[in-house]
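Please read the structure below before turning to the comments.
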Amino acid sequence: MLRIIDGLWIFVLGALAVPNLILAKRPDAKRLLDRIMPYQGWIGLVSALWGLISIPHLIGALTWLRSGRGLIAFIFLAVFVVTQTLLGFVLGIGVIKHFIKDASAQAKMDEVLAKILPYQATLGLLAMADGILIVVLSIIW
């Protein structure tokens, strides 16, 4: 099951993906965003890896679909894994490229990034909403 830390992590990842939207609604959040922005690439790298590692867990969680409560948990887990992996890749691409020196691999990453970027804001908002709901459900369940 997802935990409070997962919810907080995905919320922060979503906030990093849409900082302009956050600042438009909450200008007072600038100080907090300024504190975590220098670590955005590393947060992205960790998130992308964590998301990839979570894929087998997501597949194993298909058994949760047998109950109504399990269906809800599965949906939140699926959104968590997908948004974490994709946003992690987007935010961590600079750090990831630092470790991958092959020019053709970097070109392929740029192609994938170009396909994901149009959805960055949507994924960021989805991640933030999922994070809030995961925290709330972790507390009440």
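The values are calculated or read from the model by the stated rules, or taken from the named source; none is laboratory data. Just so it is clear, the structure is predicted and the values come from calculations on it, not from any experiment. Note: ideal-geometry Cβ built from the backbone for every residue, glycine included; neighbour counts use all protein chains shown.
Just one of GLY94, GLY60, GLY44 is in a helix (DSSP H, G or I) and surrounded by 13 or more Cβ atoms within 10 Å (Cβ to Cβ); which is it?
The conditions single out GLY44.
Can you tell me which residue among ASP34, ASP110, ASP6, ASP102 is surrounded by 15 or more Cβ atoms within 10 Å (Cβ to Cβ) and of a type in the set (Asp, Glu)?
The unique qualifying residue is ASP6.
Are any residues in region 66-91 within 18 Å of LEU8 (Cα to Cα) and of a type in the set (Ser, Thr, Tyr), and if so, which ones?
THR83, THR85
Given the condition modelled with pLDDT under 95, in contact with a helix residue (DSSP H, G or I) (Cβ under 7 Å, 6 or more places away or on another chain) and small (Gly, Ala, Ser), answer yes or no: does some residue in region 78-93 qualify?
no
Does LEU2 meet the test of being outside any helix (DSSP H, G or I) and modelled with pLDDT under 95?
The answer is yes for LEU2.
Taking the options LEU52, LEU65, LEU33, name whichever one is part of a helix (DSSP H, G or I), in contact with a Phe, Trp or Tyr (Cβ under 7 Å, 6 or more places away or on another chain) and either modelled with pLDDT of 90 or more or of a type in the set (A, V, I, L, M, F, W, C) (or both).
LEU65
Just checking, how many residues over region 61-104 are among the small types (Gly, Ala, Ser) and more than 20 Å from the chain's Cα centre (by Cα)?
5
If you go through region 22-63 one residue at a time, how many are in contact (Cβ under 8 Å) with a residue 40 or more places away in the chain and farther than 18 Å from ILE10 by Cα?
Number of matching residues: 0.
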